[in-house]
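Derivation of every value follows stated rules applied to the coordinates shown; laboratory data play no part. Everything numeric in this text was worked out from a predicted model, so none of it was measured. As a convention, Cβ positions derive from the backbone with ideal geometry for all residues, glycine included, and neighbour counts pool all protein chains shown.
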Amino acid sequence: MQTILVFGGNGFLGKRICQSAINSGFKVLSLSRSGRPPASLNTEKHKNSTTSQWVNEVNWIKADIFDPNSYKHLLNQNINHVVHSIGVLLENSNYKSLMNSPSASSLSKVNNEQTYERINKQSALLLASTFHDSLLERKKSSSMNENDSSLNQNCSFTYISADKGFPLIPKGYINSKRETEFELLQKYLKQKDGSSNTSSSFRPIIMRPGFMFDETLNTGTRSYLNSVLSALDNTNQSLFQNKLPFIRPTVSTQAVSNCLISEIKDKNFTGVVSLEEILKF
Ligand SMILES: NC(=O)c1ccc[n+]([C@@H]2O[C@H](COP(=O)([O-])OP(=O)(O)OC[C@H]3O[C@@H](n4cnc5c(N)ncnc54)[C@H](OP(=O)(O)O)[C@@H]3O)[C@@H](O)[C@H]2O)c1
């Protein structure tokens, strides 16, 4: 059985990645600062429901992405795939609660820790290099005792990036995503001739979802925004033959997760997965 470690596995997208991975027969570890399952699924009702059984099968673990000592020991075990599903859309810690209760006042406070550079970029590069080092370490010791068969499974590292921004999305957000993509691909993507800048240990996978919604939720600000954006997209398609490039389709967290698991399972896949590709799932 292959193992996936999802950083941010209790988040809005992360939990669906964990669900999809469990349904596809993977062993799943979710890492986050709280180490708890997503609050929306951590209730007695959900624990006993058959549709939420996957929650009991995920190993929910506490770790801080900026402190590799809190998770290195896990990477040194038989982890085949790592997913980075952490990011900030606004350089402000309150934007998630803002999605639930819009209020302009909470937008004014900027938290220096929650910058695009630190959360969207540095956390991903740190996790990738920690995973890379641990794979090299495992390869070295397996050549001595040959007991780590997981190393022959074409390990992967996934970065959840983003599609082009909507007009209201700050440029810094997309820039931080593209810069991270560039660095990951440059460092870890194997060239056609088999070479890479570092001795590549995993397949980098870059997912570019657009605005996401959850198929099981039809109330709240996100669901409302999804209806508005979908209506705009329909108009763009029917009246303007898709000529308004800044209007993009929305996508469900379930489609993103199913697409990602399919790319992880495809031992030959590496590189960028566009929104158009994701929408086929
Ligand atoms: N939401 C969208 O519509 C959308 C669209 C396109 C792209 N994306 C991208 O998709 C990714 C996931 O977004 P999301 O909306 O699912 O995010 P999210 O709901 O905020 O989930 C991120 C999770 O990461 C954990 N986390 C945060 N800081 C951490 C740290 N230092 N160490 C360990 N865990 C940490 C948090 O759990 P704890 O608080 O327990 O640590 C949180 O549950 C991001 O990269 C985002 O940019 C999102």
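Would you tally the net charge around D233, using a Cβ to Cβ cut-off of less than 15 Å, leaving D233 out, and scoring K and R as +1, D and E as -1?
Working: positive: K164, K243, R248; negative: D163, E276.
Charge balance in the 15 Å sphere: +1.
Taking the alpha carbon gyration tensor of the chain, what are the square roots of 5 times its eigenvalues, largest first, to the nearest whole Å?
Numbers: eigenvalues 190, 99, 75 Å².
Semi-axes from the Cα gyration tensor: 31, 22, 19 Å.
Name the residues whose placed amide hydrogens come within less than 5 Å of the amide hydrogen of I86, ignoring near sequence neighbours (fewer than 5 apart) on the same chain.
I160
I want to check the label-to-label distance for E277 and D64. Put each point 7 Å from Cα in the C-beta direction and report it in nm to one decimal.
3.5
Tell me which residues come under 5 Å, amide H to amide H, from W60 once H is placed; ignore anything under 5 positions away on its chain.
It is S30, by chain and number.
How far, in degrees from 0 to 90, does helix 171-188 lean away from the longest principal axis of the Cα atoms of the chain, to the nearest 10?
20
Taking amide H positions as placed 1.01 Å from N in the peptide plane, with prolines and chain starts having none, which residues 5 or more places from V273, or on another chain, fall under 5 Å of its amide H?
I206, M207, R208
If one takes the longest principal axis of the Cα atoms in the chain, at what angle in degrees, from 0 to 90 and to the nearest 10, does the Cα axis of helix 221-240 lie?
Approximately 80 degrees, to the nearest ten.
Note down the net charge around E179, summing +1 for each Lys or Arg and -1 for each Asp or Glu among other residues with Cβ under 11 Å from its Cβ. The partial results should precede the final answer.
Values: positive: K121, K177, R178; negative: E117, E181, E183.
Summing Lys and Arg as +1 and Asp and Glu as -1 gives 0.
As I understand it, the value is the acute angle between the Cα axis of helix 253-265 and the longest principal axis of the Cα atoms of the chain; what does it come to in degrees, rounded to 10?
It works out to around 20 degrees.
With the contact rule set at Cα under 8 Å and sequence spacing of 6 or more, what percent relative contact order holds for the chain? Please list the in-between numbers first.
Details: 455 pairs, mean separation 50.3, N = 281.
Here the relative contact order equals 18 percent.
For the chain, build the charge dipole from Cβ charges (+1 Lys, Arg; -1 Asp, Glu) around the Cα centre, then report which of H81, P204, N242 sits farthest towards its positive end.
Highest projection toward the positive end goes to N242.
Give the residue from I65, L136, S49 lying farthest towards the positive end of the charge dipole for the chain; charges sit on Cβ (+1 for Lys and Arg, -1 for Asp and Glu) and the dipole is referred to the Cα centre.
The one lying farthest along the dipole's positive direction is S49.
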